[in-house]
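For reference, the structure discussed in these notes is given below.
The values are calculated or read from the model by the stated rules, or taken from the named source; none is laboratory data. It should be emphasised that the depicted structure is a prediction, and the values quoted were computed from it without experimental measurement. Neighbour counts run over all protein chains shown; Cβ positions are idealised from the backbone, glycine included. Note: accessible area is taken over every heavy atom of the protein model, side chains too, but ligands, DNA and RNA are not part of it. Shrake-Rupley method; radii C 1.70, N 1.55, O 1.52, S 1.80 Å.
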Amino acid sequence: MVRKLKSPAHAVYAAWTEPRLIAKWLAPGADTVTSVTVDLRKGGRFRLDGLNGDGKPYSFCGTYLELAENRRVALSWMYDGPVPALRADASVVVVDIQKLEPDLTELTLTHEKLTGRDEAEIYRVSWTECMSKLESAATAHKFVSPLDDDSRRADFYSDSHRRMQDRFATRKLADRLEAVLIHDHLSAVDAAFITRQNMVFVATSDAYGQPNCSYKGGTRGFVAVVDERTLAFPDYNGNGMHLSMGNIDETSKIALLFVDFERQARMRVMGSASVSVDDPLRERYPGAQQIVRIAIESVFTNCPRYVHKMKLLEESTFVPNADAKTPDPAWKRLSAVADVLPEEDKHLAGKDTDLDKTLNKD
């Protein structure tokens, strides 16, 4: 299958390798993608979960066989779902990407080692439908302002990090800490640490590079360890601004900071995230609007010496609970928002005027 796409080669490659972009196009017809996780390296695994038009779940998974940035992606391909003809041995998908012009790319897709005529015909139709969405997904990558090939980071540290390390003579220390502390998956100790936490600080950025930091709270273990390379957490009802979720949908980049104030410990996780209202994990969290999944790229523990020792008095009563009605937040009674509350909150409209008191600042 050959297609000419009005997108640069790096954007087409991104559409095949970045979870947030894969979720936008790799679903034929009325199918929807619920989650995508990738370990983008030769020998790394990928998994895509989705729902077909009838709401039945399915998945595709496999291993990256070859990755040539902006030129080729080859991967094994295995289906698990309700279509009998597709439940066969692993096949192979090869994508060749050729730059024709700065904003014009030729894509050649080959699906090899299919075992039967029915399987091949279903995939032919499915890939045709997916290809019609691919150009739009690749175009979305333009707004992320990707770096040129020769300025992409191969080092964990950027040039600015290095200059600061040299200024304070800590380059060798930084290299040693990278070697000792930083890894690309969760250890058993890391996973246990995360499941003990009931809050996390979330950093995202928009397409213009503007960062945003947000606090997320829940019951202990609300950030789920899906596997050693995947985390997930619920997005509960908030103030309606959707800054973090919008940033994730736009750029996919995310960083998490877990702080245990009782034990005085902290840990960072960085990776790529996607957001879905149809994620199967949503059933685990009463009141969740959608689920955020993170494909982990790096994990490392920080020095705890500046973490203040504090003890938890109680978890927030506003965290949704299947056994109790969630109380309504006081700020929705402010007169300033009374006329713009969503339909389900219209009954909460009030005449309160003290914003600082409502937000516990005064």
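Here residue 50 clears all of (1) farther than 25 Å from residue 280 by Cα; (2) modelled with pLDDT under 95 except the condition numbered (1). The set of residues from segment 305-362 being open to solvent by less than 100 Å² (accessible area, probe 1.4 Å), more than 28 Å from residue 221 (Cβ to Cβ) and part of a loop (DSSP other than H, G, I, E, B) comprises 338, 341, 342, 349, 350, 354. Of the residues in segment 204-216, not one is of a type in the set (A, V, I, L, M) and either touching a strand residue (DSSP E or B) at 6+ places or on another chain (Cβ under 6 Å) or open to solvent by 40 Å² or more (accessible area, probe 1.4 Å) (or both).
Note on segment 1-26: residues that are surrounded by fewer than 21 Cβ atoms within 10 Å (Cβ to Cβ), part of a loop (DSSP other than H, G, I, E, B) and of a type in the set (A, V, I, L, M) total 1.
Taking the numbered list (1) open to solvent by 50 Å² or more (accessible area, probe 1.4 Å); (2) at negative phi; (3) touching a residue at least 12 places away in the same chain (Cβ under 8 Å) in turn, residue 264 passes all entries but (2). Taken as a whole, segment 185-192 holds no residue that is part of a strand (DSSP E or B) and open to solvent by less than 50 Å² (accessible area, probe 1.4 Å). Evaluation of residue 86 against the conditions (1) closer than 21 Å to residue 11 by Cα; (2) buried (at least 19 other Cβ atoms within 10 Å of the Cβ); (3) aliphatic (A, V, I, L, M) shows that the sole unmet condition is (1). The single condition among (1) out of contact with any Lys or Arg (no Cβ under 8 Å at 6 or more places or on another chain); (2) without any contact (Cβ under 8 Å) to a residue 60 or more places away in the chain; (3) part of a loop (DSSP other than H, G, I, E, B) that residue 240 does not meet is (2). Does segment 118-137 include one or more residues that are open to solvent by less than 40 Å² (accessible area, probe 1.4 Å) and among the β-branched types (Val, Ile, Thr)? No; the residues of segment 118-137 include none that is open to solvent by less than 40 Å² (accessible area, probe 1.4 Å) and among the β-branched types (Val, Ile, Thr). Residue 62 meets the conditions (1) open to solvent by less than 60 Å² (accessible area, probe 1.4 Å); (2) assigned to a loop (DSSP other than H, G, I, E, B) in every case but one. The failed one is (2). Scanning segment 223-235 for residues that are modelled with pLDDT of 95 or more and of a type outside the set (Gly, Ala, Ser) gives 223, 231, 233, 234, 235. Quick one: which residue in 80, 103 is without any contact (Cβ under 8 Å) to a residue 24 or more places away in the chain and open to solvent by 50 Å² or more (accessible area, probe 1.4 Å)? Criteria check complete, one pass: 80. State whether one or more residues within segment 236-244 are within 18 Å of residue 296 (Cα to Cα) and either surrounded by fewer than 20 Cβ atoms within 10 Å (Cβ to Cβ) or more than 15 Å from the chain's Cα centre (by Cα) (or both). No, there is no match, as no residue in segment 236-244 is within 18 Å of residue 296 (Cα to Cα) and either surrounded by fewer than 20 Cβ atoms within 10 Å (Cβ to Cβ) or more than 15 Å from the chain's Cα centre (by Cα) (or both). Determine whether residue 180 is farther than 27 Å from residue 15 by Cβ, surrounded by fewer than 16 Cβ atoms within 10 Å (Cβ to Cβ) and either β-branched (Val, Ile, Thr) or at pLDDT 90 or above (or both). Yes; evaluated as a whole, the condition is true for this residue. Within segment 66-94, how many residues are hydrophobic (A, V, I, L, M, F, W, C), part of a strand (DSSP E or B) and in contact with a helix residue (DSSP H, G or I) (Cβ under 6 Å, 6 or more places away or on another chain)? Count: 1.
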